[in-house]
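Please read the structure below before turning to the comments.
Every number here is computed from the coordinates shown, using simple stated rules; none is lab data. As the structure is a prediction and not an experimental result, all values here were calculated from the model. When we count neighbours, we look across all protein chains shown, and the Cβ atoms used for this are built from the backbone with ideal geometry, even at glycine.
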Ligand SMILES: Cc1ncc(C[n+]2csc(CCOP(=O)(O)OP(=O)(O)O)c2C)c(N)n1
Ligand SMILES: [Mg+2]
């Protein structure tokens, strides 16, 4: 079978419904044959980075493997940021990059780049197909690796001659991979020890991350919290893994988490981490993080355990399997004192904002009110607006929140929203953006329009690279080096219109609700340019490297 | 503390680069690394000497295990094993000094593998202390060139 046809057969076998690809010399044969595969939708981004984030956004909301394709050399290097973004957030993707002919590799041929070399540290695994007969095994392995264990992106670097080679080997039913055995079943002894420790704990806290979303066990998190009567805080990646409307919810923890989540973690005697990895934005100063706690860590990736924080009871395995074993062993306990302490903190330090004028937090609150009874997916770019979205939108279900957590990639939101909309055509998909970030992949508005993917973008336009400006204000004597954008920002309404989409501007608080309503009611992609208070800050805030209970702006 | 990690790795392109890249990206400190085929031509054995405390070593072991081409990882430091290092050492040896140099070499069972007008080259295998001792004794004569394979190690039965 011809290489390109074999790839298409592999995509079908893996139930791929859509690929996000951009052409180039090394991909002509593959795209030639993909043109006939009517059952695989092809979406053409306007920049390969956009295509990569689309595949990522598609994967985040659908749970399926996202597929991006880029040509050799510059096409492939344009994908790098998207691959690194997916890698940091453990998102399953397969990226196929064209490559020069096998006989030219190493010659500095036109549009040659060592993509397996470049992507080695930012992929779960990668392959260079050097022998056509290896292609079937590689295709099947790539999808298997991407979606199993701790998910992640896999790159297949595909020399153009492989795509036209006649391949005798058939697609295997399963990959061989003798060195790859992700552990799903937890050690039952460890689960028992964990249950004992939780039952003994007086002030436990569940700290829940993106692993719970990948493992699809948010229902078990709720069961566990209710059965054991344990408060729950989530990371940025874990938003939606536990309903924020639940009385046991502490909302998000960490640098811009709620004061009560951070206080609870600082005072807990038993921290139960589930699918979370203790990164620096969560722990703050490590030596003062959860100082009195025994730490239990459920994770599928053994390297996450005791990497940043010493763990007392590691439980390596799939969170679903582990929690199913754990929950029956939990005893109900009132934990009256603990909950009354937490309620006191909630009362004293609510998430709040002050001041008149058009506050960005208000926009998010109103957006939530208007969309909470609709199927809604919230995507974000990176910056203050992202944190306000995390803080002031209320998440109750998994896979409704799409944001670049680990890498913090500006320019992620719009293309990710397009991918999300492709996966969930019946959802209202809203990208919450900053005026800086939106300019990083603004060309994808064309892709949204061309593919009838009616994503809405709310630009919280503060005229600054706001998150950086906030740090400059607080820690660098208000010296706003290279962060003011106002004077040079384009007119986002006209930009949207030039792309053939709708642009709406809101400049006054009293027009916010009408603007949001109009945006939601408008067909097709929309930019809603909301000119918010320029120097609003995200609070509370743990200064970098501080202990997490020492927050600025607690009320 | 120094640890000896022995890993079996599939002979796939990029496998070694992936492991070396992992060590540099995570800031692990490799003292020595030796690679070669095993009895199975599709599998190589990597012997890595790495320094660090127990927490770092735990990460090293786990990170290596996570590499998809890695089949098996063992920290053999606490077990009984045989270790060897191979060295080629060229030392300056004027006519008058030759007998004493060769005498020292004999004590170490170093083999003469090349004899030039002004130099002698020795081949020596053994555990690290032996190799280091030999190097120290050769130093005063003037070491011209030296190459070592890095340590390899296999568990005793
Ligand atoms: C690609 C990229 N470049 C730079 C940064 C650093 N950075 C983080 S937030 C930020 C400002 C973002 O500005 P904007 O999109 O306007 O959002 P705001 O903070 O104003 O809400 C910058 C420059 C980044 N995260 N990503
Ligand atoms: Mg801004």
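Beta-bridge orientation, chain A: approximately 5 percent antiparallel, per DSSP, counting only bridges with both partners inside.
Rounded, prolate or oblate: which fits region A:188-348, taking a ≥ b ≥ c as square roots of the Cα gyration tensor eigenvalues, rounded meaning a/c under 1.5, else prolate when a/b beats b/c?
rounded
Assign one of three labels to region A:130-187, namely rounded, prolate or oblate, based on the Cα gyration tensor with a ≥ b ≥ c the square roots of its eigenvalues; rounded applies when a/c is under 1.5, prolate when it is not and a/b is larger than b/c, and oblate otherwise.
It comes out prolate by the Cα gyration axes.
For A:218, A:148, which order do you get if you count the other beta carbons within 10 Å of each Cβ and list the fewest first?
Numbers: A:218 22, A:148 19.
Arranged by neighbour count, lowest to highest, A:218, A:148 become A:148, A:218.
Between 0 and 90 degrees, the angle of helix B:54-66 with respect to the longest Cα principal axis of chain B falls at about 70 degrees.
Determine, for each peptide in B:109-117, A:294-302, the mean count of other beta carbons within 10 angstrom over its residues, then list the peptides with the highest first. Intermediate values should be presented prior to the final figure.
Values: B:109-117: 12.4, A:294-302: 24.1.
Top to bottom by mean Cβ count within 10 Å: A:294-302, B:109-117.
Can you check what the Kirkwood hydrodynamic radius comes to for region A:76-206, Cα pairs only, in Å to one decimal?
Working: mean 1/r = 0.0585 Å⁻¹.
Computed over Cα pairs of region A:76-206, the Kirkwood hydrodynamic radius comes out at 17.1 Å.
Separation of region B:1-34 and region A:448-466, taken as the distance between their Cα centroids, equals 45 angstrom. What the pair-distance distribution of region A:422-555 shows, using all Cα-Cα distances binned every 5 Å from zero, is 2, 9, 17, 19, 16, 13, 11, 8, 4, 1 percent.
Please say if region A:25-105 is rounded, prolate or oblate, where rounded means a/c under 1.5 for a ≥ b ≥ c the square roots of the C-alpha gyration tensor eigenvalues, and otherwise the choice is prolate for a/b larger than b/c and oblate otherwise? Verdict is oblate for region A:25-105. Exposure proxy for A:246, A:144: other Cβ atoms within 10 Å of each Cβ, ordered fewest to most, give A:246, A:144.
For region A:186-258 versus region B:45-96, the inter-centroid distance based on Cα atoms is 41 Å.
Per the Debye formula on identical point scatterers at the alpha carbon atoms of region B:2-75, with no solvent, log10 I(q)/I(0) at q = 0.15, 0.16, 0.24, 0.25 Å⁻¹ is -0.43, -0.49, -1.12, -1.21. Using only the alpha-carbon atoms, how far is helix B:128-138 inclined from the longest principal axis of chain B? Give it as 0 to 90 degrees, nearest 10. For B:128-138 against chain B, the angle is about 30 degrees.
Fewest neighbouring Cβ atoms within 10 Å first, the residues A:2, A:170 line up as A:170, A:2.
Quick one: Kirkwood hydrodynamic radius for chain A, alpha-carbon pairs, angstrom, one decimal?
On the way: mean 1/r = 0.0412 Å⁻¹.
Taking the inverse mean of 1/r over all distinct Cα pairs, chain A comes out at 24.3 Å.
Packing, as the average of other Cβ atoms within 10 Å across residues, places the peptides A:95-106, A:487-498 in the order A:95-106, A:487-498, highest first.
Residue by residue along B:62-68, Cβ atoms of other protein chains within 10 Å of the local Cβ number 6 on average.
Once each part is reduced to its C-alpha centroid, what is the distance from region A:368-392 to region A:48-124 in angstrom? Going from one Cα centre to the other spans 28 Å.
Output the antiparallel fraction of DSSP beta bridges having both residues in chain B, as a percent to the nearest 5. Let's see the in-between values first.
Working: 43 of 43 bridges.
Looking only at bridges with both residues in chain B, the antiparallel portion is about 100 percent.
The C-alpha atoms of chain B define a longest principal axis, and helix B:98-108 lies at about 40 degrees to it.
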